[in-house]
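Encoded as structure tokens, the structure appears first; notes follow it.
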Amino acid sequence: MRHTLAALALGTATALTCGALLSCAPQRPAPAEPTAAERALLDRAEQLLVTRCMHGRGLPYRPAPRLSEEESRGVGYVLDDVAWAREHGYGSRLRYKELAAKRSDPNLLHRNTLTGRRLTAYTEALYGGPDTPTLAARVPGGGTITSQLGGCHGKALEELYGDRAAWFRVDKIAANLTPLYGAELRRDPRLGRAVAAWSRCMKGAGHPYPDPSAAHAAAAKATARDDGPAPGTPAERRAFAEEVRLAVAEAACSVESGLGRTGRALETEYRAGLDGEYLDALAEHDRIERRALARARDLTGARP
């Protein structure tokens, strides 16, 4: 399960009522989110399993480069870690670093040297071929997500999470719950009060933005760097300094207003009030993920 506050746009605060999407029955606690360290551990274990599988087939593979646990935390709906903001701003340099790592991925570079049957064999060993079964999951709010990921990547997921179809279904449900409560959360007066307090604080700091989305949009426009200067150039240093100033102000105001804390608490509350079908899916997701974490610790030798 991943927090989905980043997907919520802010609206006018109105009173919250019980309805079809939120149950008025006593709530069950929603499962806790995995920590950044746990997500990094699962990723390391998956890469290790892919590497073993490819080597077992006599094919080269090296774990893909990743950002560190601290670097990969991200911003989310609102940034409320002042130290992280002071170091990384909104993460523009980290995005550049991640893009550069993908471009230099040794596995991609190796595939680029292959042609014909050798390329087909390598790709199918890694991702599966046309006979790979299709997994499908109906997600809240409508629609179906499908996947044909097989090969060593699919085998790694199966070894880590067990029944791939079950994991795929509950993982996609958990990642797509926002439509079920997003409108109610946006209208919750508690969120509205926290956003208003955050906005007043930001205005006092010289950054008159009505909500975090507006601040993020301004920062993204100023620091978009796909075709811009690489980190360390004079133009980039000036842009990054402005990014850091805005990010630090946002984080400080988030702490002062309690916006980040309020948003996380409300999302937990709303998820806990979902229909039992979705709570059951979240509980199954949590059980599978906890078993996977135990396997990942065994595979990597990490301590609990």
Open item on the list: With the requirement that a residue be in contact (Cβ under 8 Å) with a residue 40 or more places away in the chain and surrounded by 15 or more Cβ atoms within 10 Å (Cβ to Cβ), what does segment 106-140 give you?
Closed with: Asn107, Tyr122, Ala125, Leu126, Pro140
Open item on the list: Could you go through segment 36-57 and let me know if any residue there is in a loop (DSSP other than H, G, I, E, B), without any contact (Cβ under 8 Å) to a residue 24 or more places away in the chain and either surrounded by fewer than 20 Cβ atoms within 10 Å (Cβ to Cβ) or not charged (D, E, K, R) (or both).
Closed with: no
Open item on the list: Testing Gln47 on (1) closer than 23 Å to Ala175 by Cβ; (2) polar (S, T, N, Q); (3) modelled with pLDDT of 90 or more; (4) more than 20 Å from the chain's Cα centre (by Cα), one condition comes back false. Which one is that?
Closed with: (4)
TODO: Kindly indicate whether Glu267 is touching a residue at least 40 places away in the same chain (Cβ under 8 Å), of a type outside the set (A, V, I, L, M) and farther than 22 Å from Arg86 by Cβ.
DONE: yes
Task: Filtered residue count, segment 260-304, keeping only those that are over 24 Å from Ala156 (Cβ atoms) and not in a helix (DSSP H, G or I) - done: 3
Task: Residues located in segment 279-304, provided they are hydrophobic (A, V, I, L, M, F, W, C) and either within 22 Å of the chain's Cα centre (by Cα) or at positive phi (or both) - done: Leu279, Ala281, Leu282, Ala283, Ile288, Ala292, Leu293, Ala294, Ala296
Task: Unmet criterion (only one of (1) outside any helix (DSSP H, G or I); (2) more than 30 Å from Ala196 (Cβ to Cβ)) for Pro210 - done: (2)
- [ ] Scan (1) more than 21 Å from the chain's Cα centre (by Cα); (2) over 26 Å from Glu38 (Cβ atoms) for the single condition Arg138 breaks and write down its number.
- [x] (1)
TODO: With a cut-off of at least 3 residues that are crowded, with 18+ Cβ neighbours inside 10 Å and modelled with pLDDT of 95 or more, name the helices (runs of 4 or more DSSP H) lying wholly within segment 141-197.
DONE: 151-161, 164-175
- [ ] Would you be able to say whether some residue in segment 153-170 is in contact with a Gly (Cβ under 8 Å, 6 or more places away or on another chain) and farther than 18 Å from Asp286 by Cβ?
- [x] yes
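The values are calculated or read from the model by the stated rules, or taken from the named source; none is laboratory data. Treat the numbers as computed from the prediction; the structure is a model and nothing was measured. Don't worry about glycine lacking a Cβ; one is built from the backbone with ideal geometry, like all the others, and counts go over all protein chains shown.
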